[in-house]
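One structure is given below, encoded as structure tokens.
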Amino acid sequence: MNKTDQSIAHQLKTSATLLQLISSSASLDAELLLAKVLDKDRSYFRTWPERLLSDAETKQYGTLIESRCKGIPIAYILGEQEFWSMPLKVTKDVLIPRADTERLVELSLIASKNFEQPQILELGTGSGAISIALSHELVTKKAVITAIDISPAALSIAQDNAKQWQKHPIQFIQSDWYQALDQQYFDLIISNPPYIEQNDPHLLNDIRHEPQQALVSGDDGLDAIRTIVSEAPQYLNPQGYLLLEHGFQQAKKVQAIMQGYGLTQIETYQDYAGLDRVTLGRIA
């Protein structure tokens, strides 16, 4: 390789061209991965485009680009994903937090205004993103937050994130949904559960590297939602809320499931793209 080929400008241009086959944000991905290798801010590349990478840096960068070309999500390669303005640790053991899930946080915050000291249960916490965001915003209310996940590996990631970012202690419990809970009652039960159909074609491409148990939920994608809704009345305080994220085409079915188990004031809210994303129900 010609030494000039190891300049920042050349490496970014070449890598972005390769990444166009896999990513809609090829140039950004190329910069983020080089920033990881050099431990620099992306603005550094504008200032020093002619700087030559060492052989070791070039090799390391090439390895990261190769991983991205194989479809591995950028968040897993970087080891973090921003959520609610916090860079959270992520690994292949947890679902990558999406910006649209911030809508679930926003609606939970609105619902929490009805309670002096909200008692909150999150089911399927994954990276801990939702519970940690709520701990930030509800610190003055001293919200009591319990976060559950069936995966010990996911809980380990969530606890690491909580140690760094939580504003109020979160109780983490390993459980298959409600199974490990004693007779406890909550003002809010919230979840971004698995809701993808077993044979959804996206499982073969876009999200194939993410944990399947956090994505797939039976033939129609609603098995987890049925379980959560069916048992929610046993754990909700009077006038308590259940808030669920779901697929944008599932709103009517989720509403019907909630209605079937006695929830009232059922309403669906849109995400930032205007798609049906979160459905809320209330216990009488």
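Miscellaneous remarks
- Residue within region 255-267 that is assigned by TED's automatic domain parsing to the domain that holds Val90, within 26 Å of Ser127 (Cβ to Cβ) and not in a helix (DSSP H, G or I) present: no
- Of the residues examined, Gly247 is not one that is touching an Asp or Glu at 6+ places or on another chain (Cβ under 6 Å) and either under 27 Å from Gln81 (Cβ atoms) or crowded, with 22+ Cβ neighbours inside 10 Å (or both).
- One residue from Ala153, Ala180 being assigned to a loop (DSSP other than H, G, I, E, B), surrounded by fewer than 17 Cβ atoms within 10 Å (Cβ to Cβ) and modelled with pLDDT of 95 or more: Ala180
- Count - residues of region 214-254 that are over 26 Å from Gln183 (Cα atoms) and assigned to a strand (DSSP E or B): 1
- From the options Glu116, Glu106, Glu122, Glu102, residue that is farther than 24 Å from Asn237 by Cα and in the same structural domain as Tyr235 (by TED's automatic domain parsing): Glu102
- Listed by first and then second residue, the pairs with beta-carbon distance under 6 Å, at least 6 apart or on different chains, first residue in region 147-172 and farther than 22 Å from Pro118 by Cα and aliphatic (A, V, I, L, M), second modelled with pLDDT of 95 or more and part of a strand (DSSP E or B), are Leu155/Asp149; Leu155/Phe172; Leu155/Gln174; Ile157/Lys89.
- Glu82 being acidic (Asp, Glu), surrounded by fewer than 16 Cβ atoms within 10 Å (Cβ to Cβ), without any contact (Cβ under 8 Å) to a residue 60 or more places away in the chain and not in a helix (DSSP H, G or I): yes
- Filter pass, Thr279 being in contact with a strand residue (DSSP E or B) (Cβ under 8 Å, 6 or more places away or on another chain) and more than 20 Å from Ala143 (Cβ to Cβ): yes
- Verdict on Val94 being surrounded by fewer than 21 Cβ atoms within 10 Å (Cβ to Cβ) and either aliphatic (A, V, I, L, M) or in the same structural domain as Leu236 (by TED's automatic domain parsing) (or both): no
- Single residue of Ile72, Ile65, Ile96 found to be within 26 Å of the chain's Cα centre (by Cα), β-branched (Val, Ile, Thr) and assigned to a helix (DSSP H, G or I): Ile65
- Number of positions in region 156-177 that are in a loop (DSSP other than H, G, I, E, B) and at pLDDT 95 or above: 3
- When region 28-44 is filtered for residues that are farther than 16 Å from Thr14 by Cβ and touching a residue at least 40 places away in the same chain (Cβ under 8 Å), only Lys36 remains.
- Within region 5-27, tally of residues that are in contact (Cβ under 8 Å) with a residue 40 or more places away in the chain, part of a helix (DSSP H, G or I) and not hydrophobic (A, V, I, L, M, F, W, C): 3
The values are calculated or read from the model by the stated rules, or taken from the named source; none is laboratory data. Note that the coordinates shown come from a computational prediction; the quantities given were computed from them, not determined experimentally. Cβ sites come from the backbone with ideal geometry, for glycine too, and all protein chains shown count toward neighbours.
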